[in-house]
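Report on the following structure.
The values are calculated or read from the model by the stated rules, or taken from the named source; none is laboratory data. Everything numeric in this text was worked out from a predicted model, so none of it was measured. Methodologically, a virtual Cβ is constructed for each residue, glycine included, from the backbone with ideal geometry; neighbour enumeration extends over all protein chains shown. Surface accessibility is based on the protein's heavy atoms, side chains included, excluding ligands, DNA and RNA. Shrake-Rupley method; radii C 1.70, N 1.55, O 1.52, S 1.80 Å.
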2 protein chains.
Amino acid sequence: MANSRDRAREAAATRGRGAGAIDDAGDAGQAGHAGQAGHTARAEARPPAAPEPAGPQAARGGGRPASRRRQKSAATREAILAAALDEFSARGYAAARLDDVARRAGVAKGTIYVHFRDKETLFEELVRAYLGPVINGVATAPGEDLSVRAFAERVVDTFVREVLGTRRKDVLRLVLTEGQRFPQLAHIHYREVVNRALPFVRESLKRAYERGEMKSDALVRFPQLLVAPGLMAVIWDALFSRFEPLDAAALMRAHLDLILEGEGAP
Amino acid sequence: MANSRDRAREAAATRGRGAGAIDDAGDAGQAGHAGQAGHTARAEARPPAAPEPAGPQAARGGGRPASRRRQKSAATREAILAAALDEFSARGYAAARLDDVARRAGVAKGTIYVHFRDKETLFEELVRAYLGPVINGVATAPGEDLSVRAFAERVVDTFVREVLGTRRKDVLRLVLTEGQRFPQLAHIHYREVVNRALPFVRESLKRAYERGEMKSDALVRFPQLLVAPGLMAVIWDALFSRFEPLDAAALMRAHLDLILEGEGAP
DNA sequence: TTACACTGACTGACCAGTCAGTCACTTTGG
DNA sequence: CCAAAGTGACTGACTGGTCAGTCAGTGTAA
């Protein structure tokens, strides 16, 4: 948002908040490649890594019949989200044009508004769709009372595999770079990701600290320190990889090395 | 840049590159509060922390006479840069309006174009003006063969004091969040900041490592790890300080604590 | 007088969002 | 089983507000 065209609508848009977003009518299942070519281009079936944007409340209201029409509609929604990720990542939110998103998704511009209230909602739904699944994974992780080393390795490995190794890193980067201008988005991300992951990490490390496994309580006070290099890597990649590529996985291993020097063995 | 209005000009703009930017005609001395109120508002004399945007090649061509007119012109340039920092920080590059920058600086919009070729150049000059000085400080730092602890503390303290403690943190944040869309800017920042600071840190730490002061060579291979939490703090502040303020200085101290556990004493 | 910083109304491109219309599919009821 | 009626996803030309950049004109220091 933030050009005044958007500002103008903001008051109106605010009314629609509070309860979940208006337009996740679709249950947005497994993408499924259901749609055959319509009468336009249609989404070039992006080959690598299906988005798996399983909506937060899938199958709401008791699961509608999933007719061919509904399947195709869900596929269209997926295509738009994937295209939006491409465009937003490449140009940034403000400079991305919905005309381009539509073209890339193989639909007409109006179709975007069938599935999403406006540009900002599209952005929010994009973040939810891609980052939602991981979140549920994080808080559910068992990992009761592993050694510091084992625990830290697990957290870092998960981060490397599930975020840095997928398109989610692009979504994360969008959150980091655009979040300031979308208080709504920053709030969601804080509530759903940060405020679930950090306390979890903090508690686990606290127990380890009390078991005497660590000399410093730094990680207990600032669990952020565990992933900080990961966030830096996401940004480095966008800014400097042309000049000096950064092996994020190696970076994270070195980081673990550094902060676990001598602490509890695997 | 990056909406097609800008893209359209891009080809033309490219011609102007290569040699230093066209419009740093001013030597942009010490800001000096020279300008008294003109016939409009005039820059509300922002009180805290004068920008000190001493241009890279100050006094080019042998120092022009610094008449009253030139002083006022330089002050106007400063005011525009300061206003641009405010607006870009608050709204992001794309959504910031030059009308607002002009109003905040107390000048007419046209005046901006007297001092800067276009919006993008204004942004680049802004970064140069604020981040340039530190850079020269970094590479000149003596610090030959301190202990790891002393050295790391010095680097981190400098970062906390000179960046996190000033408006430069806002400029740094702009680089981190907008850099991807400004290859030019990312390149400058890599060349002038990253590629000067990192090798310096790396070399110093390498010597310390060879002296046997550190168990792990992680910091030698990835000197980025030293400041990664600082970058995270800059972003955290913009996104989450409302929900959970982060004491960046304490974070950095904890970080040092963590990575220097037991290594060479001060 | 000259030169130059500065002014601000104006232009043209641009793009989010709209809406009347189309058409493929689904449902109904014969 | 098959039309006819109904539904809603989809289309794309169009509108209106926005804003970067321009330029003829003004005032003042040199």
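Points to keep in mind about this one:
- Among residues of region B:207-246, those that are without any contact (Cβ under 8 Å) to a residue 40 or more places away in the chain, at the interface with another protein chain (Cβ under 9 Å from one of its Cβ atoms) and either open to solvent by 10 Å² or more (accessible area, probe 1.4 Å) or of a type in the set (Ser, Thr, Tyr) (or both), counted: 11
- Within the span defined as region A:161-171, one or more residues are at pLDDT below 95 and acidic (Asp, Glu).
- Count of residues meeting criterion [open to solvent by 10 Å² or more (accessible area, probe 1.4 Å) and either near DNA strand D (Cβ under 9 Å from one of its atoms) or modelled with pLDDT under 95 (or both)] in region B:96-112: 8
- A:Val156 buried (at least 16 other Cβ atoms within 10 Å of the Cβ), away from DNA strand D (no atom under 16 Å from the Cβ) and either more than 15 Å from the chain's Cα centre (by Cα) or within 12 Å of chain B (Cβ to nearest Cβ) (or both): yes
- Scanning region B:76-89 for residues that are within 16 Å of DNA strand D (Cβ to nearest atom), at pLDDT 95 or above and either part of a loop (DSSP other than H, G, I, E, B) or surrounded by fewer than 19 Cβ atoms within 10 Å (Cβ to Cβ) (or both) turns up at least one hit.
- When B:Leu131, B:Leu185, B:Leu146, B:Leu126 are screened for being away from DNA strand C (no atom under 16 Å from the Cβ) and not in a helix (DSSP H, G or I), only B:Leu146 passes.
- In summary, A:Leu198 fulfils each of the numbered conditions (1) surrounded by 22 or more Cβ atoms within 10 Å (Cβ to Cβ); (2) more than 8 Å from chain B (Cβ to nearest Cβ) with the single exception of condition (1).
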